[in-house]
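The block underneath contains the structure these notes are about, expressed in structure tokens.
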2 protein chains.
Amino acid sequence: MINSSTRPTIGVFDSGFGGLTVLQALLTYLPGARYAFLGDTARLPYGSKSRRTIARYAIESAHFLVREQGAEFLVIACNTASALALDAIQDAVPVPVLGVIEPGAKAALEASRTGDVLVIATDATVQSHAYASACHARGLRAVEKACPLLVPLVEEGWTNHPITAEVIRIYLDELWAEATQKAMHPDALVLGCTHYPLLRPLIEAAVPPGVQVIDSAAAAAHAAVLQFNGRAAAHPASSGEQQTEIHCFATDSVEKFERLGSRFLGRPVGKVGLVDLGG
Amino acid sequence: MINSSTRPTIGVFDSGFGGLTVLQALLTYLPGARYAFLGDTARLPYGSKSRRTIARYAIESAHFLVREQGAEFLVIACNTASALALDAIQDAVPVPVLGVIEPGAKAALEASRTGDVLVIATDATVQSHAYASACHARGLRAVEKACPLLVPLVEEGWTNHPITAEVIRIYLDELWAEATQKAMHPDALVLGCTHYPLLRPLIEAAVPPGVQVIDSAAAAAHAAVLQFNGRAAAHPASSGEQQTEIHCFATDSVEKFERLGSRFLGRPVGKVGLVDLGG
């Protein structure tokens with residue numbers, strides 16, 4: 001492990017760099033910590049792959065963050081990995097592991113008055129019904145929809161493009177029609193993919209007034225801070241007065257990561273380390 | 001190897017199932033052969049990854065087709081792998097290996113009167129400039145453009161959707177503007193990705209009259225048949241009178257492969273075998 005500071009390291013993992021939106025939120029809530037971020041860019045996207053493969057990839061990534069980077073707390077910023085492999089990751093590493101699904105569902109519960117919630121996410125996340133289950137466990141009704149074109153549109157940089165607005169309208173119309181058919185009155189829409197916060201303005205423009213858009217990335221970061229601060233009480237060196245340290249790693253295309261990553265993090269990502277997970 | 005027939009096996013490889021468009025063309029030109037198709041679906045898309053990673057993945061896939069399936073001839077139906085790793089694959093296996101780039105450029109030469117050619121492909125294929133080099137070697141001028149949204153649009157099933165038509169128009173307008181700026185008069189457009197033939201009607205509607213749309217998948221299949229028939233003269237068991245055998249394999253999501261594959265192959269793909277390449 002390369003942690004030379006006395007502060008504990010928070011590991012953040014995603015299949016790509018979308019999870020940098022979670023890291024961005026963590027930096028807001030918990031500055032002064034040491035962060036190690038890994039994007040498994042050689043094997044993205046996870047969203048179209050099977051549970052077995054996603055679990056294997058995610059565990060290898062978690063091992064890197066814990067064993068090589070000394071992470072004492074892991075945030076799985078990838079919705080797909082959170083939905084399909086959170087248990088497997090928790091079994092594989094000896095540190096607390098937080099996913100984005102439960103915090104997203106909890107934020108939906110706090111936002112919704114009608115108890116009816118919509119979720120947009122990748123194919124694999126939707127097929128797992130992880131958000132629906134987490135919502136049902138809280139007494140909410142949920143309808144989910146896979147929106148596989150939104151990630152490529154964000155990666156193409158069309159975050160404020162009429163095509164993207166139209167694709168969002170088509171997806172949300174279909175989702176709304178399904179909710180209406182089930183006699184639901186949704187007043188919350190969960191962004192169940194870390195790429196989607198970059199489309200927030202277009203998505204907010206596409207939903208009816210009174211519908212709250214919930215960023216599960218921000219919700220997860222907030223939950224992580226609450227959990228982490230509980231632990232950190234026994235760890236005197238962790239303090240907001242220290243300088244924030246960010247170390248980013250990717251399994252492929254560090255140039256692309258460095259180029260696009262700042263768009264997600266909202267600040268330069270710095271030099272990105274190349275990691276070989278053998279996959 | 002599981003080849004129980006006396007016919008040689010033709011191995012066809014792609015990162016996903018887009019390469020089934022090449023297999024479909026092969027079936028037309030060379031029925032009665034035994035085909036083994038591998039889609040490395042656990043690690044797609046290759047189009048956004050680095051040369052090093054693409055070469056490693058492609059060589060592992062080629063080894064499977066040659067060592068496990070007894071392929072005596074390999075067609076690399078993946079434009080990205082052909083562009084970035086053809087030499088590496090040829091060095092790694094003891095059988096003839098044909099990519100899609102050279103046949104695509106050759107077909108462009110035959111189609112173009114002005115000598116000016118346009119190429120649309122994935123990010124990685126365009127960044128490699130493999131098509132431009134192959135065109136230049138034949139005395140053609142070429143302008144290439146990455147169209148990263150087209151693959152997801154095909155996979156979403158929007159092959160005849162107004163959004164897709166508009167995205168194609170935007171991409172081709174930008175490509176045309178660049179060609180015009182270079183005082184070029186293109187009369188051929190190469191489809192440098194095996195997903196694009198499914199968009200052929202929309203693409204043909206978007207290009208000016210007189211511009212020929214060239215399917216590098218069909219061109220590669222035709223070239224493979226010419227090469228293969230030369231070899232097969234010494235192989236009396238290979239004949240069009242025998243029944244065609246198709247064995248499809250994928251490294252992930254065989255259900256998705258079986259569901260979407262028939263769209264690319266133009267006939268049912270049958271039972272797809274799951275292969276673990278360890279990545």
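Some observations on this one:
- Some residue of region A:28-35 being at pLDDT 95 or above and within 23 Å of A:LEU265 (Cβ to Cβ): yes
For (1) under 20 Å from B:VAL154 (Cβ atoms); (2) touching a Leu at 6+ places or on another chain (Cβ under 7 Å), each residue gets a yes or a no:
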{"residue": "B:PRO8", "(1), (2)": "no, no"}
{"residue": "B:VAL12", "(1), (2)": "yes, yes"}
{"residue": "B:GLY19", "(1), (2)": "yes, no"}
{"residue": "B:GLN24", "(1), (2)": "yes, yes"}
{"residue": "B:THR28", "(1), (2)": "no, no"}
{"residue": "B:TYR35", "(1), (2)": "no, yes"}
{"residue": "B:ARG43", "(1), (2)": "yes, no"}
{"residue": "B:SER50", "(1), (2)": "no, no"}
{"residue": "B:ALA55", "(1), (2)": "no, yes"}
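- Checked against the criterion of being of a type outside the set (Val, Ile, Thr) and within 24 Å of A:GLY261 (Cβ to Cβ), the candidates A:HIS136, A:HIS129, A:HIS161 yield just one match: A:HIS161.
- Residue match in region B:29-45 (condition: under 17 Å from B:VAL97 (Cα atoms), surrounded by fewer than 24 Cβ atoms within 10 Å (Cβ to Cβ) and either without any contact (Cβ under 8 Å) to a residue 60 or more places away in the chain or within 14 Å of chain A (Cβ to nearest Cβ) (or both)): no
- Checked against (1) open to solvent by 10 Å² or more (accessible area, probe 1.4 Å); (2) part of a helix (DSSP H, G or I); (3) in the same structural domain as A:PHE264 (by TED's automatic domain parsing); (4) aliphatic (A, V, I, L, M), A:ALA107 meets all criteria but (3).
- Output for region A:262-279, where each listed residue is more than 18 Å from A:ILE59 (Cβ to Cβ) and within 14 Å of chain B (Cβ to nearest Cβ): A:VAL272, A:LEU274
- Residue match in region A:163-171 (condition: away from chain B (no Cβ under 14 Å) and open to solvent by 20 Å² or more (accessible area, probe 1.4 Å)): no
- Of all residues in region A:110-140, those satisfying the criterion of being hydroxyl-bearing (Ser, Thr, Tyr), more than 21 Å from A:ARG200 (Cα to Cα) and in a helix (DSSP H, G or I) are A:SER128, A:SER133.
- Here the condition is being at pLDDT 95 or above, open to solvent by 20 Å² or more (accessible area, probe 1.4 Å) and in a helix (DSSP H, G or I); of B:ALA223, B:ALA177, B:ALA218, it holds for B:ALA177 alone.
- For region B:124-144, residues that are open to solvent by 40 Å² or more (accessible area, probe 1.4 Å), out of contact with any Pro (no Cβ under 9 Å at 6 or more places or on another chain) and either at pLDDT 95 or above or assigned by TED's automatic domain parsing to the domain that holds B:LEU84 (or both) total 6.
- Screening A:ASP173 with (1) more than 23 Å from A:PHE264 (Cα to Cα); (2) in contact (Cβ under 8 Å) with a residue 12 or more places away in the chain gives one miss only, at (2).
- Test: residue in region A:141-158 that is under 17 Å from the mean Cα position of the chain (by Cα), assigned to a loop (DSSP other than H, G, I, E, B) and without any contact (Cβ under 8 Å) to a residue 60 or more places away in the chain: yes
- Every residue from region B:6-28 that is open to solvent by less than 10 Å² (accessible area, probe 1.4 Å), touching a Phe, Trp or Tyr at 6+ places or on another chain (Cβ under 8 Å) and either of a type in the set (Lys, Arg) or within 14 Å of chain A (Cβ to nearest Cβ) (or both): B:PHE17, B:GLY18
One line per residue, one yes/no per condition, for (1) at pLDDT 90 or above; (2) buried (at least 21 other Cβ atoms within 10 Å of the Cβ); (3) closer than 24 Å to A:ASP40 by Cα:
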{"site": "A:GLN212", "(1), (2), (3)": "yes, no, no"}
{"site": "A:ALA232", "(1), (2), (3)": "no, no, no"}
{"site": "A:SER238", "(1), (2), (3)": "no, yes, no"}
{"site": "A:GLU245", "(1), (2), (3)": "yes, no, yes"}
{"site": "A:GLU255", "(1), (2), (3)": "no, no, yes"}
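- Set B:SER82, B:SER50: member being hydroxyl-bearing (Ser, Thr, Tyr) and within 14 Å of chain A (Cβ to nearest Cβ): B:SER50
The values are calculated or read from the model by the stated rules, or taken from the named source; none is laboratory data. Predicted model, so just to flag it, every value in this text is computed and none were measured. Don't worry about glycine lacking a Cβ; one is built from the backbone with ideal geometry, like all the others, and counts go over all protein chains shown. Heavy atoms of the whole protein, side chains included, go into the accessibility calculation; ligands, DNA and RNA do not. Shrake-Rupley method; radii C 1.70, N 1.55, O 1.52, S 1.80 Å.
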